[in-house]
Amino acid sequence: MRTLIATVFNYSLDGLLADEGTAFWDFCFSLPENEHPDDPGQLEFLRNAHAIVLGRTAYEGIAAAMTTSNADHPFARVLTAQRKIVFSTTMATADWANTSIASGDTAEEVDRLRRGGDGYLVVMGGVALWRSLMALDLLDELHVSMFPYIAGEGTRLFDGVPASYRLDLMSSSASGNGIVELRYGRHRG
């Protein structure tokens, strides 16, 4: 059975996502890790996923960025070639290559994606999908890129999720810029 891994990039110490137009967004995208991402490990992680899972809003933003102004971005080549599944009840079609739409019950759609093989599925966003997956207790792992920044403004990722959600630290590493990569597994014991 495939593992469902949620990835959270550009996350502040005070628990906020970098929303476009904020000082935290500007800080995140001024760092080499975001400005010129070339970490072979990150690219390989995405390349080896069975599929990339996205909510509608995340899909629209990432697809637009990776197929137009950032088409030469290292992630663009990987993400365009990769199988993508968009969770949406409002989308009828998806124009980005290798994309299909999951419009049924979220738990049933995730169960269907998990069956039939090993490996993992990467949830890249968005916030509503993450919250839904947490509320349904479907996430197996949570990978967080914690930036050395107190944002003060932005979207709170964990608003409206279960009051108790225990995680086990699987690994951690820090970059020279102070970004801490945290890898947690959902506690199931």
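The values are calculated or read from the model by the stated rules, or taken from the named source; none is laboratory data. These numbers come from a predicted model, not from an experiment. All Cβ positions, even for glycine, are placed from backbone atoms using ideal geometry, and neighbour counts span all protein chains on display. These area figures cover heavy atoms from the full protein model, side chains too; ligands, DNA and RNA do not enter into them. Shrake-Rupley method; radii C 1.70, N 1.55, O 1.52, S 1.80 Å.
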Neighbour net charge for TRP25 - beta-carbon separation under 12 angstrom, K R +1, D E -1:
-4
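How big is the antiparallel share of DSSP beta bridges in the chain, given as a percent to the nearest 5?
So the antiparallel bridges in the chain amount to around 40 percent.
At 1.4 Å probe size, with the rest of the protein present, what percent of the exposed accessible area of segment 106-189 is carbon and sulfur atoms?
Values: 2150 of 4380 Å².
Looking at segment 106-189 in its full context, I get 49 percent from C and S.
I need the shape label for segment 41-126. Rule: rounded when a/c is under 1.5, else prolate if a/b > b/c, else oblate, with a, b, c from the alpha carbon gyration tensor.
Numbers: a/c = 2.28, a/b = 1.22, b/c = 1.87.
In terms of gyration-tensor shape, oblate.
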Roughly speaking, what is the centre-to-centre gap between segment 136-163 and segment 10-32 when only Cα atoms are used, to the nearest Å?
13
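Return one whole number: the accessible area per residue of the chain in Å², for a 1.4 Å probe. Before the final figure, lay out the partial values.
Values: 9530 Å² over 189 residues.
Counting only protein heavy atoms, the per-residue value for the chain is 50 Å².
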Cα-projected label distance for ASP72 with TYR120, points at 7 Å along beta-carbon direction, nm
3.1
Between SER172 and ARG47, how many nm apart are label points set 7 Å from Cα along the C-beta direction?
3.0
Can you give me the span-like helices of the chain, meaning DSSP H runs with 15 Å or more of Cα extent along the axis and Kyte-Doolittle mean at or above -0.5?
56-67
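Using the Cα gyration tensor of the chain, with a ≥ b ≥ c the square roots of its eigenvalues, what is the shape: rounded (a/c below 1.5), prolate (a/b larger than b/c) or oblate (neither)? The partial results should precede the final answer.
Numbers: a/c = 1.42, a/b = 1.12, b/c = 1.26.
Cα axes put the chain in the rounded bin.
With charges only on Cβ, +1 for K and R and -1 for D and E, what is the dipole size of the chain about its Cα centre, in debye, rounded to 20? All intermediate terms of the calculation are to be shown ahead of the outcome.
On the way: 15 positive and 24 negative charges, 135 e Å.
Taking the Cα centre of the chain as origin, the dipole is about 660 debye.
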For MET91, net neighbour charge (Lys/Arg +1, Asp/Glu -1) across residues whose Cβ lies under 14 Å away:
-1
I need the shape label for segment 102-189. Rule: rounded when a/c is under 1.5, else prolate if a/b > b/c, else oblate, with a, b, c from the alpha carbon gyration tensor.
prolate
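Please give me, ordered by residue number, the GluC sites (Glu not before Pro) of segment 1-86 that lie in loop per DSSP and have at most 11 other Cβ atoms within 10 Å.
Numbers: sites: GLU20, GLU33, GLU35, GLU44, GLU60; in loops: GLU20.
The qualifying sites are GLU20.
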